[in-house]
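Notes to accompany the following structure.
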Amino acid sequence: MNIILLGAPGAGKGTQAEVICDRLGIPTISTGNIIREALKTGTEMGLKAKSYMEAGQLVPDEVVIGIIQERLAKDDAKNGFILDGFPRTIPQAEALDAMGIVIDKVIDIEVADEAIVKRMSGRRVCESCGASYHLEHKLPAKDGVCDKCAGALVQRKDDHPDTVKARLEVYHKETEPLKNYYDRQGKLSIVEGQETIEQTTALILKAIEA
Ligand code: AMP
């Protein structure tokens, strides 16, 4: 099954993607994680993306479309995938269609802006593997250390409150119109993401299995 997770930054896409990935045995493809990896290794694409990312702006469509095209061509994506953070604009969604990629389900995780700003301040991510944690809702077994790979947990620069506000503005302007785009194709399910992670997971699995 080919699934897209939509939702504002901080709505819980990354966390939910990990659960679905374990449940369905299909890979999560996160453009944010791919870009952060490129930044760390200092590739040309990483350098191009850096200033946009740190300002909370979107990386240009042609860059992310190139990334996704390359990633979806890999063998592990042949039996399905979960897209986390792509598409984020209408041209990106159109590019997926133009590649002949058929999307089965689009799950939109809804969380109010105020709750997102609050959440983001507690978010921590693993520097090595990108797994997400939260100081209130999802603590690692050992303080500051990733359960999966023992990497260090850090706060992303773009999770600082001013950047989060900029990212939310971009989300409402550029990404939210995708709800309509996929609703018109009969693929959209809207899921309440404001309660516990487990409640949201249950709603998502129900929507996927419907
Ligand atoms: P994320 O981890 O998904 O929140 O992504 C972090 C940042 O990477 C975003 O704020 C953007 O700067 C960039 N990015 C990730 N995915 C995309 C995308 N599909 N289109 C444009 N920029 C993206």
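The values are calculated or read from the model by the stated rules, or taken from the named source; none is laboratory data. Keep in mind it's a predicted model, so treat the numbers as computed, not measured. Cβ coordinates were reconstructed from backbone atoms using ideal geometry, including for glycine residues, and neighbour counts include every protein chain displayed. Heads up: the accessible areas ignore ligands, DNA and RNA and are worked out on the full protein's heavy atoms, side chains in. Shrake-Rupley method; radii C 1.70, N 1.55, O 1.52, S 1.80 Å.
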Residue in the stretch 62-103 that is farthest from LEU6 (Cα to Cα), counting only those that are of a type in the set (Asp, Glu) and open to solvent by 30 Å² or more (accessible area, probe 1.4 Å): ASP75
Pull out all pairs, ordered by first then second residue, where Cβ-Cβ is under 9 Å, the residues are six or more apart or on different chains, the first lies in the stretch 75-91 and is under 15 Å from ILE35 (Cβ atoms) and among the aliphatic types (A, V, I, L, M), and the second is assigned to a loop (DSSP other than H, G, I, E, B) and away from the ligand (no atom under 12 Å from the Cβ). LEU83/ILE103
Condition met for ALA49 (more than 8 Å from the ligand (Cβ to nearest atom), farther than 25 Å from ARG184 by Cα and crowded, with 17+ Cβ neighbours inside 10 Å): no
Within the stretch 106-117, tally of residues that are open to solvent by 40 Å² or more (accessible area, probe 1.4 Å) and under 20 Å from ILE208 (Cα atoms): 1
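Restricted to the stretch 1-39, and to residues that are charged (D, E, K, R) and more than 13 Å from the ligand (Cβ to nearest atom), which residue is most open to solvent (accessible area, probe 1.4 Å)?
So the first thing to find is which residues in the stretch 1-39 are charged (D, E, K, R), and the list is 13, 18, 22-23, 36-37.
Restricting the remaining residues to those that are more than 13 Å from the ligand (Cβ to nearest atom) gives 18, 22-23.
Numbers: GLU18: 44, ASP22: 125, ARG23: 142 Å².
Among residues in the stretch 1-39 that are charged (D, E, K, R) and more than 13 Å from the ligand (Cβ to nearest atom), the one most open to solvent (accessible area, probe 1.4 Å) is ARG23.
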LEU58, sole failed condition from (1) part of a loop (DSSP other than H, G, I, E, B); (2) open to solvent by less than 30 Å² (accessible area, probe 1.4 Å); (3) among the aliphatic types (A, V, I, L, M): (2)
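In the stretch 120-210, which strands (runs of 3 or more DSSP E) lie fully inside it and hold 3 or more residues that are closer than 25 Å to SER51 by Cα and at pLDDT 90 or above?
Those strands (runs of 3 or more DSSP E) span 123-126.
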